[in-house]
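The values are calculated or read from the model by the stated rules, or taken from the named source; none is laboratory data. Treat the numbers as computed from the prediction; the structure is a model and nothing was measured. Positions of Cβ are generated from backbone atoms using ideal geometry, with glycine treated the same way; all protein chains shown enter the neighbour counts. Surface accessibility is based on the protein's heavy atoms, side chains included, excluding ligands, DNA and RNA. Shrake-Rupley method; radii C 1.70, N 1.55, O 1.52, S 1.80 Å.
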Amino acid sequence: MKYFKNIILFKFLAVFAVLFLLQSCSDFLEQEPGRQISITEQLKTKEGVLQAVNGMYRVLESNLRGNNFAVYADLQGGNLKFTPSRTESTKGQISVPTTVLNIYSFDDISNTSNMASFYSNSYTVINQSNLILEFTDALTDATEAEKNQIKAEALTVRAYMHFLLSEVYSQNYGFTDNASHPGIVYNLESLNEGLKYPARESASNTYNLIIDDITTALNLYSDTALLNGPVYSYFTKISAKALLARVYLSKKDWKNAYDTANDIITNSGKSLVTNADYIAQWNQPDLPVSEILFELSIPRSDDGTVSGSLSAFYGYTSLTSYGNFAASQDLIDLYETSDIRKQLFLVQPISTIVDLQPQILNYYFTKKFQGNPGYTAFRLSEQYLIRAEAALELNNTDQAKEDINTIRTRANASVLQNSENLKEAIFLERRKELCFEGHLLFDIGRYKKDISRNDGCISLNCSLTYPSPKYILPIPRSNINVNPNLKQNESY
């Protein structure tokens with residue numbers, strides 16, 4: 001058994017080392033033939049650690065953009081439907097892509113989970129962040145401010161990744177009265193410290209650890225920019241606070257959610273995109289909207305070639321080149337005629353097989369993610385909606401209504417005149433404003449709503465009644481086989 005564990009540890013470290021080094025910049029890896037770089041050697045200098053930080057962000061970006069995570073919350077919640085096949089032999093037919101077949105039917109399989117790569121890659125990112133944290137204090141060629149900034153970013157990434165894992169693999173915080181239901185494994189040490197077999201924390205402890213990581217990071221951030229590239233592609237004190245506000249919202253810690261979102265709105269120096277610029281800014285092929293707080297830039301080669309972006313899911317180029325996902329009518333019907341956000345959909349007629357006959361049907365491709373879009377993680381509009389929801393729960397209905405109306409006025413939607421059904425109004429405003437940004441399923445769980453997918457649903461299971469074990473996914477069997485203390489989710 002000891003031999004088996006050592007083999008597993010060796011494999012984990014070897015795979016991690018390869019991933020770690022592959023993500024580093026090419027100039028750093030241009031070594032003499034036959035020379036190999038150990039983790040210890042790479043992380044003994046500031047340059048090596050910064051290469052590791054850069055690699056950590058690259059794996060984070062790849063993990064959130066790929067591995068089905070980018071479409072998961074909107075697909076499960078009902079914002080998305082599938083587009084017709086472009087292949088000549090099946091042209092016009094609608095089917096569920098095999099990559100999401102099981103999760104779409106609310107029947108993912110632990111042995112062959114559609115999100116297995118997301119789970120394992122998430123812990124790879126966490127392991128990278130832990131290695132950075134373990135080596136940074138020993139740097140002799142970095143200032144204290146630089147070391148603090150490195151640790152702040154690594155802590156924030158560690159918290160962010162654990163939070164997203166908890167959203168996918170643990171029921172919402174309010175699922176039990178004291179959040180005593182299973183959370184996730186929270187890794188505070190790298191595999192370099194030895195292979196551990198940790199049990200899952202409770203949901204309550206999971207959130208406490210996430211919040212502790214972020215609040216610790218906030219005390220370390222400086223104004224020191226350590227990495228090249230746009231500042232919005234790396235965590236800063238402001239974007240770390242945006243993550244904290246979202247965590248507090250998910251925890252239903254209304255006072256802290258309100259205060260944190262209010263701080264960002266008031267003191268970040270960011271402003272909402274204006275009504276006049278809203279459509280044009282989302283239509284930019286290579287730049288995020290100006291209110292972005294954190295967006296993971298897409299990978300590019302030295303000559304500027306893009307190797308992957310969200311347009312792979314959502315893009316439309318021609319009748320022979322488009323993504324697998326378009327907006328459902330369920331979502332489209334939520335927008336008023338005057339709402340400028342309806343202009344964020346590219347309407348394309350596509351021949352579709354219906355009852356064995358071809359029909360021309362309209363499909364709504366989001367304009368948010370055409371061209372070369374990055375992964376939109378946090379933006380200011382979300383903070384207004386967080387403050388609105390928290391304000392309502394704190395019985396500050398005037399502030400809640402004001403924040404909703406700020407978003408609705410910007411969109412040319414009708415403003416709310418009274419305080420009736422404000423909670424539902426906030427939920428729907430989040431669905432409209434934040435569509436395709438990875439929120440809907442998790443909002444549904446937090447609100448303890450049923451899932452109802454209508455337009456375009458081709459699953460045997462188009463709805464779920466809350467509560468249900470199927471609101472979360474199974475932990476991949478391969479991970480449970482390695483860790484005997486890792487308990488599977490109910491029903492899987």
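Would you give the gap between the C-alpha center of segment 217-287 and the C-alpha center of segment 160-197, rounded to a whole Å?
What the calculation gives is 24 Å, centre to centre.
Through the Karplus equation 6.51 cos²θ - 1.76 cosθ + 1.60, θ set to phi - 60°, convert the phi angles of segment 438-453 into ³J(HN,Hα) values in whole Hz; use x for Gly and Pro.
Coupling constants for segment 438-453: x, 10, 4, 4, 6, 5, 4, x, 5, 7, 6, 8, 7, 8, 9, 10 Hz.
Would you mind pulling out the separation of the Cα centroids of segment 97-149 and segment 405-440, in Å?
The two parts, judged by their Cα centres, are 32 Å apart.
How much of Asp303 can a 1.4 Å solvent probe reach, expressed as accessible area in Å² and rounded to 10?
About 120 Å², ignoring ligands and nucleic acids.
What list of ³J(HN,Hα) values in whole Hz, one per residue of segment 39-55 in order, does the Karplus curve 6.51 cos²θ - 1.76 cosθ + 1.60 (θ = phi - 60°) give from phi, with Gly and Pro shown as x?
4, 4, 5, 5, 9, 8, 10, 4, 4, x, 5, 5, 4, 5, 4, 4, x
So, R0 is 45 Å and r is the distance between the beta-carbons of Leu361 and Asp141; what FRET efficiency does that work out to, to 0.05? Show your work: numbers first, answer last.
Details: r = 61 Å, r/R0 = 1.36.
In this case the efficiency is close to 0.15.
Taking 4 °C and 1.567 mPa s as the conditions, I'd like the Stokes-Einstein D for segment 224-330 in µm²/s, using the Kirkwood hydrodynamic radius from alpha carbon pairs. Walk me through the intermediate numbers first.
On the way: Rh = 16.7 Å.
My calculation gives 77 µm²/s for D.
Would you pull out the residues with amide H under 5 Å of Arg379's amide H, same chain only if 5 or more places away, H placed 1.01 Å from N?
Placed amide hydrogens put Leu293 under 5 Å from Arg379.
For segment 145-251, what does the accessible surface come to per residue with a 1.4 Å probe? Please give it in Å². Present the calculation step by step, with values, prior to reporting the outcome.
Working: 3720 Å² over 107 residues.
Computed with neighbouring chains in place, this is 35 Å² per residue.
Summing -39500 (n - 2.57) over the DSSP H runs of n ≥ 4 in the chain and dividing by its residue number, what mean residue ellipticity at 222 nm do you reach, to the nearest 500 deg cm²/dmol?
Details: 18 runs with 216 residues, N = 492.
Calculated mean residue ellipticity at 222 nm is -13500 deg cm²/dmol.
Let me make sure I get this right: for segment 141-271, a, b and c are the square roots of the gyration tensor eigenvalues over alpha carbons, sorted descending. Under 1.5 in a/c it's rounded, otherwise prolate if a/b > b/c, else oblate. Which is it?
Numbers: a/c = 2.49, a/b = 1.23, b/c = 2.02.
In terms of gyration-tensor shape, oblate.
When each pair of different Cα atoms in segment 441-492 is counted once in the 1/r mean, what is the Kirkwood radius in angstroms, to one decimal? Write down the numbers at each step before the final one.
Working: mean 1/r = 0.0772 Å⁻¹.
About 13.0 Å, per the Kirkwood formula over Cα pairs.
Consider all pairwise Cα distances in segment 359-436 and report the whole-number % of them above 16 Å. Intermediate results must be reported in sequence, preceding the final value.
Details: 1637 of 3003 pairs.
Above the 16 Å cut-off, segment 359-436 has 55 percent of its Cα pairs.
Of Lys151, Lys91, which has the most accessible area with a 1.4 Å probe, and how do the rest follow in descending order? Can you show the working numbers first?
On the way: Lys151 35, Lys91 110 Å².
Largest accessible area first, the residues go Lys91, Lys151.
Where the accessible area of the chain is counted over protein heavy atoms with a 1.4 Å probe, how much of it, in %, is carbon and sulfur? List each step's numbers first, then the result.
Values: 10230 of 20680 Å².
Summing carbon and sulfur atoms, their accessible area is 49 percent of the total for the chain.
Can you give the accessible area of Asp107 in Å² (nearest 10), computed on protein heavy atoms with a 1.4 Å probe?
80
Compare Ser297, Ser239 by solvent-accessible area with a 1.4 Å probe and give them largest first, with all protein chains kept in place.
Details: Ser297 30, Ser239 0 Å².
Sorted descending by solvent-accessible area, the residues read Ser297, Ser239.
In whole Å, largest first, what are the principal axis extents of the Cα atoms in segment 306-444?
53, 36, 25
Accessible area per residue, 1.4 Å probe, Å², for segment 46-127: what's the number?
Values: 2510 Å² over 82 residues.
Roughly 31 Å² per residue, with all protein chains present.
Can you spot the lysines whose alpha carbon is less than 17 Å from Lys151's alpha carbon? Ignore those fewer than 8 places along the same chain.
Filter leaves Lys44, Lys46, Lys237, Lys241.
Once phi is turned into θ = phi - 60°, what whole-Hz ³J(HN,Hα) does the Karplus curve with 6.51, -1.76 and 1.60 give for every residue of segment 165-170, x standing for Gly and Pro?
Listing the rounded values in order: 4, 5, 5, 7, 10, 10 Hz.
Under a Cβ-Cβ cut-off of 10 Å, what is the net charge of the residues other than Leu331 that fall near it, where Lys and Arg count +1 and Asp and Glu count -1? Write out the running numbers ahead of the final one.
Details: positive: Lys81, Arg431, Lys432; negative: Asp74, Asp330, Asp333, Asp455.
After counting each charged neighbour, the total is -1.
Across the chain, where is the longest run that never hits GluC sites (Glu not before Pro) in a DSSP loop with at most 11 other C-beta atoms within 10 Å? If you can, show how the numbers build up before the last one.
Numbers: sites that count: Glu30, Glu420.
It works out to 31-419.
Show the residues, 5+ positions off or on another chain, whose built amide H is closer than 5 Å to the amide H of Leu80.
Ser328
Under 5 Å between amide H atoms, partner at least 5 residues away or on a different chain: which partners does Tyr363 have, H built in plane at 1.01 Å?
Answer set, sorted by chain and number: Gln348, Ile350.
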